[in-house]
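Chemist: Below: one structure in structure tokens.
Throughout, read-outs are computed from the coordinates displayed, never taken from laboratory work. Bear in mind the structure is a predicted one, so any value in this text is a computation, not a measurement. All Cβ positions, glycine included, derive from the backbone under ideal geometry; neighbour counts span all protein chains shown.
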């Protein structure tokens, strides 16, 4: 007959400690929970929307040859305000498999501008290539047509009348917080100037 086997033993429970033993036992210091780090964008504060649009526009502009859209966004800086007033870039066509030696297609506003542009082609190519740091453009082709409308700067608001300024001061007189009072005064003056 086989020997009787012992039933498996239960895992032993933790021994209970008395209050005196607990008081004498070394304690672990529990550190505060690690600070949750805010995303980089939130630490910096508000972000200019122009910095975020590059990711959105890069695929559409890349199809037309504007890698990174630098030539569009910096056109007046590259060629100067005089030339940018009557010519704008349409597209840059690179040879297949190359990032240099492209053809820049421009739109000019009228025939006299096209004649002036032809005289300035070497200077335009030199400025564009200097901007990019390599020979990005080898040819410039121009087509006559209407230029896209430019955004106009808004007209400055009319000066604030003495009565309107006094009304704003009366409206914020009861506010005790100086920063809040200054902000609301500025807002009130702006709204009064706009006629609201």
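Chemist: Quick one: Cα convex hull volume of the range 66-143, Å³ per residue? Mind showing how you got there, number by number?
Modeler: Numbers: hull volume 6.0 nm³, N = 78.
Taking only Cα atoms, the range 66-143 has a hull volume of 77 Å³ per residue.
Chemist: Normalised radius of gyration for the range 71-196, please: alpha carbon Rg relative to 2.2 N^0.38 Å, two decimal places. Could you put the intermediate results ahead of the total?
Modeler: Values: Rg = 24.9 Å, N = 126, 2.2 N^0.38 = 13.8 Å.
Dividing the Cα Rg of the range 71-196 by 2.2 N^0.38 Å gives 1.80.
Chemist: Using the 10 angstrom Cβ neighbour count as an exposure proxy, how do 120, 186 rank, fewest first?
Modeler: Numbers: 120 16, 186 12.
Going from sparsest to densest Cβ surroundings: 186, 120.
Chemist: Another one. Between residue 144 and residue 121, what length comes free when the chain is fully extended (0.36 nm per residue of separation minus the Cα-Cα distance, one decimal in nm)? Provide the component values of the computation, followed by the final result.
Modeler: Working: separation 23, 0.36 × 23 = 8.28 nm, distance 1.54 nm.
Full extension from residue 144 to residue 121 adds 6.7 nm.
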